[in-house]
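As structure tokens, the structure follows; a few thoughts come after it.
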Amino acid sequence: MEKQKKRCLSAFALLLALLFLLLAANLSIGSIRVSPGELLEVLRMRGETESAARVVWTLRLPRLLAACLLGGALAVSGFLLQTFFANPIAGPFVLGISSGAKLTVALTMIAALAGGRALSSAAMIGAAFCGSLIAMSFVLLISARVKNMSLLVVCGVMIGYLCSAATEFAVTFADDANIVNLHNWSMGSFSGIRWANLPVIAGVTLTGVLLSFLLSKPMSAYQLGESYAQNMGVKLRRFRLELILLSSLLSACVTAFAGPISFVGVAAPHLMKSLFKTAKPILMIPACFLGGAGFCLFCDLLARTLFAPTELSISSVTAVFGAPIVIGMLLQRKTGGKP
């Protein structure tokens with residue numbers, strides 16, 4: 001017990017140290033290089049008018065904060081879905097939930113822009129949440145008829161393809177002036193996020209993560225089987241509904257502001273389980289949040305700087321690192337290893 005406690009403390013210390021280094025790197029590295037000394041001065045003196053100060057305060061800082069919050073939310077959403085379906089491959093992107101949110105947000109944005117109206121943050125999250133719930137409903141209907149989890153994942157991928165195809169169709173016939181913005185958003189990016197968006201992002205994601213953390217005890221019972229959870233007093237219907245709503249809300253917030261982001265919801269929980277050597281929700285929820293934040297910070301740094309001034313979509317980079325992790329996890333399970 002003492003050994004496990006020390007391992008967990010060491011793992012959290014490692015995550016926080018890596019997160020701090022990634023935060024510093026994201027603020028310093030870019031088209032305008034900012035040395036550590038200059039960075040400290042810029043952060044102390046917000047009113048400076050120099051180009052470095054403007055870049056850090058106007059562009060990089062809100063972007064990296066959004067990457068932390070949304071990356072953490074996506075990882076926690078993935079962990080909730082993996083708990084719900086008892087499948088380590090389940091995630092918002094894999095099951096088509098992010099694609100459903102992407103479709104409804106795209107349609108809402110096209111309708112609003114066609115009418116010359118600006119879309120509020122609340123409207124975007126609401127549209128994404130509705131899309132997430134619709135996609136989740138289809139997945140649940142399929143899961144009631146298909147007991148094989150591999151087939152369920154394949155069905156989820158097909159739902160994602162259908163939603164993505166419908167989104168591309170809608171974007172193709174949008175006004176020419178709106179196509180570029182819609183296309184960039186549909187590929188996934190943190191570049192469009194500004195300070196005005198952060199209060200809403202922080203409010204939704206942190207509330208969702210906190211509520212998820214409060215469900216740690218029933219989740220632990222649920223992981224041991226439905227019968228055990230019922231014997232422990234867990235109301236399964238209510239508990240499942242809470243998991244669905246929370247996972248949909250978290251993934252919807254990500255999609256509304258940054259577009260669909262692939263593999264983070266699957267890869268980050270798997271990495272955290274491997275690091276902590278446990279799947280206990282009371283540890284995994286904060287660990288997944290930190291791990292997802294770090295994963296997205298690292299990938300966004302590469303997306304922004306690798307081929308500068310050309311910026312890659314965040315999903316392109318997360319897929320490069322996330323897909324091998326998922327493949328390795330599947331091979332590990334195939335050979336009888338623990339995920």
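Residue under question is PHE257, and the condition is that it be more than 20 Å from SER143 (Cβ to Cβ) and within 13 Å of the chain's Cα centre (by Cα); does it hold?
Details: more than 20 Å from SER143 (Cβ to Cβ): yes; within 13 Å of the chain's Cα centre (by Cα): yes.
So PHE257 fits the description; yes.
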Turns out the helices (runs of 4 or more DSSP H) fully within the stretch 234-339 with at least 2 residues that are touching a residue at least 12 places away in the same chain (Cβ under 8 Å) and closer than 17 Å to LEU18 by Cβ are 264-276, 281-305, 314-334
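Given the criteria among the small types (Gly, Ala, Ser) and in a helix (DSSP H, G or I), does SER31 qualify? Give the derivation first.
Working: among the small types (Gly, Ala, Ser): yes; in a helix (DSSP H, G or I): no.
So SER31 fails the test.
What are the residues in the stretch 1-25 that are within 16 Å of LYS273 (Cα to Cα) and surrounded by 14 or more Cβ atoms within 10 Å (Cβ to Cβ), if any? Spell out how you get there, then give the answer.
In the first step, residues of the stretch 1-25 are kept if they are within 16 Å of LYS273 (Cα to Cα); the result is 4-15.
If the condition is that a residue be within 16 Å of LYS273 (Cα to Cα) and surrounded by 14 or more Cβ atoms within 10 Å (Cβ to Cβ), then ARG7, CYS8, ALA11, PHE12, LEU15 are the ones that fit.
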Could you identify the single residue in ALA118, ALA112 that is part of a helix (DSSP H, G or I), closer than 26 Å to ALA170 by Cα and free of Cβ contacts under 8 Å to residues at least 40 places away in the same chain? ALA112
Quick one: which residue in LEU210, LEU214, LEU182 is more than 17 Å from the chain's Cα centre (by Cα), within 29 Å of LEU283 (Cα to Cα) and among the hydrophobic types (A, V, I, L, M, F, W, C)? LEU214
Do we find a residue being part of a helix (DSSP H, G or I), surrounded by 17 or more Cβ atoms within 10 Å (Cβ to Cβ) and at pLDDT 85 or above anywhere in the stretch 85-93? yes
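What number of residues within the stretch 34-54 are outside any helix (DSSP H, G or I) and either surrounded by fewer than 14 Cβ atoms within 10 Å (Cβ to Cβ) or of a type outside the set (A, V, I, L, M) (or both)? Even if it seems obvious, please write down each step before you answer.
If we filter the stretch 34-54 for residues that are outside any helix (DSSP H, G or I), which is where we start, we get 34-35, 45-50.
Among the residues that remain, those that are also either surrounded by fewer than 14 Cβ atoms within 10 Å (Cβ to Cβ) or of a type outside the set (A, V, I, L, M) (or both) are: 35, 45-50.
Within the stretch 34-54, residues that are outside any helix (DSSP H, G or I) and either surrounded by fewer than 14 Cβ atoms within 10 Å (Cβ to Cβ) or of a type outside the set (A, V, I, L, M) (or both) number 7.
Would you mind stating whether ALA177 is over 20 Å from PRO92 (Cβ atoms), modelled with pLDDT of 85 or more, out of contact with any strand residue (DSSP E or B) (no Cβ under 7 Å at 6 or more places or on another chain) and in a helix (DSSP H, G or I)? Even if it seems obvious, please write down each step before you answer.
On the way: over 20 Å from PRO92 (Cβ atoms): yes; modelled with pLDDT of 85 or more: no; out of contact with any strand residue (DSSP E or B) (no Cβ under 7 Å at 6 or more places or on another chain): yes; in a helix (DSSP H, G or I): yes.
No.
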Filter result (among the small types (Gly, Ala, Ser), closer than 15 Å to GLY96 by Cα and in contact with a helix residue (DSSP H, G or I) (Cβ under 7 Å, 6 or more places away or on another chain)) within the stretch 145-175: GLY156, GLY160, SER164, ALA166
Quickly run through the stretch 197-216 and pick out the residues that are part of a helix (DSSP H, G or I), touching a residue at least 40 places away in the same chain (Cβ under 8 Å) and not aromatic (Phe, Trp, Tyr). ASN197, LEU198, VAL200, ILE201, ALA202, VAL204, THR205, LEU206, GLY208, VAL209, SER212, SER216
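The values are calculated or read from the model by the stated rules, or taken from the named source; none is laboratory data. Everything numeric here is computed off the predicted structure, so don't read it as measured data. Virtual Cβ from ideal backbone geometry, glycine too; neighbours counted across all protein chains shown.
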